[in-house]
1. Consider Val105 carefully, then state whether it is surrounded by fewer than 14 Cβ atoms within 10 Å (Cβ to Cβ), modelled with pLDDT of 95 or more and of a type outside the set (S, T, N, Q).
2. Considering only residues that are at pLDDT 95 or above and touching a Leu at 6+ places or on another chain (Cβ under 7 Å), which ones fall in the range 121-135?
3. If you take the residues of the range 142-177 that are in contact with a helix residue (DSSP H, G or I) (Cβ under 8 Å, 6 or more places away or on another chain) and at positive phi, which of them is modelled with the lowest pLDDT?
4. Please work out which residue is farthest from the chain's Cα centre (by Cα), limiting yourself to the range 50-89 and to residues that are among the polar types (S, T, N, Q) and either surrounded by 11 or more Cβ atoms within 10 Å (Cβ to Cβ) or modelled with pLDDT of 90 or more (or both).
5. Report, by residue number, each residue of the range 138-171 that is farther than 21 Å from Phe84 by Cβ, acidic (Asp, Glu) and open to solvent by 40 Å² or more (accessible area, probe 1.4 Å).
6. Across the range 126-137, which residue is most open to solvent (accessible area, probe 1.4 Å) among those that are under 10 Å from the mean Cα position of the chain (by Cα) and over 12 Å from Leu164 (Cβ atoms)?
Amino acid sequence: MFSRLSSFAIRNVCRNQRNLKYITTLTCTKLPRQTVVTNYVQQQHCYSSNNTKQPTEHVVDSILDHATYERVCVETLDGLNDYFEQLLESVESIPDSDLAYSDGVLTVNLGKHGTYVINRQTPNRQIWLSSPTSGPKRYDFVGESSGISGKWVYRHTGESLHELLQHELQKIFETQKIEMDDLPYGGR
């Protein structure tokens, strides 16, 4: 079919997949057994909320490349691992608590309070959280594409990973002040 056409253009092909919009411009030219694809643009709409109840829309161009995604995930999970390690050592009121971190999966067992599992999901470039309180959530990175600054945001509520953990853990560790803003990609 394409052999009869010397060139063709497909512009603004849109599709929705898990609320992500892919806006693509393709320009293909007939070359000997080769097709050239140029100008791929990807936009993602994420929402965050301030202290008001209405979400604010952010157009994010920070779909991280693989290497940057891996670096940001490692820094985030290492920071959370160190924080939980210090937290569990300083509090003796939770018997049977345990912490495990291996191959991008952080498991925090808080005894009778349940188990948190935080892991990277490389194909989707997300971090997933399984919480005994709020259930499963998938977090997208919102920030610069270089990964220098940003945070992991649950796009349905606009709440960041660190904000949710801080809120839920404060109820468990009532006497301990839970502060995660200074962790890598914690919001500051």
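The values are calculated or read from the model by the stated rules, or taken from the named source; none is laboratory data. Just so it is clear, the structure is predicted and the values come from calculations on it, not from any experiment. Here the Cβ is made from the backbone with ideal geometry for all residues, glycine too, and neighbour counts use every protein chain on show. For the accessible areas, the whole protein counts, side chains as well, though only heavy atoms, and no ligand, DNA or RNA atoms are used. Shrake-Rupley method; radii C 1.70, N 1.55, O 1.52, S 1.80 Å.
1. Against the criterion (surrounded by fewer than 14 Cβ atoms within 10 Å (Cβ to Cβ), modelled with pLDDT of 95 or more and of a type outside the set (S, T, N, Q)), Val105 qualifies.
2. Ile127, Leu129, Ser134
3. Gly147
4. Here the residue is Gln86.
5. Glu144
6. So the residue we want is Trp128.
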